[in-house]
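Each remark here refers to the structure printed beneath this line.
What follows is calculated from the coordinates using simple rules that are stated; it is not laboratory data. Just so it is clear, the model here is predicted, and its values are computed rather than measured. All Cβ positions, even for glycine, are placed from backbone atoms using ideal geometry, and neighbour counts span all protein chains on display.
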Amino acid sequence: MVQAVLLMMIYMLLLIYMIMSNYDIDSTIQMIFIMLAIQFFTTIWNFADYLDAQLFVSMHPDATMLGSTYNMGANRLILDIVLTLFYVVAPFLLLWIMNMAGVKVSGAANAFGSLGRAGRSSGASSGVKSMKSGVK
């Protein structure tokens, strides 16, 4: 549910974002990776479900139904707190990792972009020279 709402908000505001970024290719790629990361939240939450089930079974192998979980005490409370934090912290950790990778990639992209700009500026200056000299 949270993932769907996040994606709907991004899709709604995507046009405004693209207009404000002047349809920059870097902004487009950044938004693609944000949407990809939000799509990956499902995998993280499924892993958290699996981890929750396996840890519960390993800590309380004799518990069969919900009625027997009421008297499990502090261990169950701690397990619930840790796994609830995992549901929240793991997506933020994924976004942080992607942010750190994006910083490295943007530095490389800026290096390649500056190479292209040098070629364009030299081509433009030679074009201006040929226009001034009257070569057609």
Would you check which residues across region 35-46 are under 11 Å from Leu7 (Cα atoms) and either in contact with an Asp or Glu (Cβ under 6 Å, 6 or more places away or on another chain) or surrounded by fewer than 16 Cβ atoms within 10 Å (Cβ to Cβ) (or both) and list them?
Met35, Leu36, Gln39
Within region 19-40, which residues are without any contact (Cβ under 8 Å) to a residue 12 or more places away in the chain and farther than 16 Å from Phe92 by Cα?
Ile19, Met20, Ser21, Asn22, Tyr23, Asp24, Ile25, Ser27, Thr28, Ile29, Ile32
Looking only at region 47-63, count every residue that is surrounded by 14 or more Cβ atoms within 10 Å (Cβ to Cβ) and either assigned to a loop (DSSP other than H, G, I, E, B) or not aliphatic (A, V, I, L, M) (or both) and tell me the total.
4
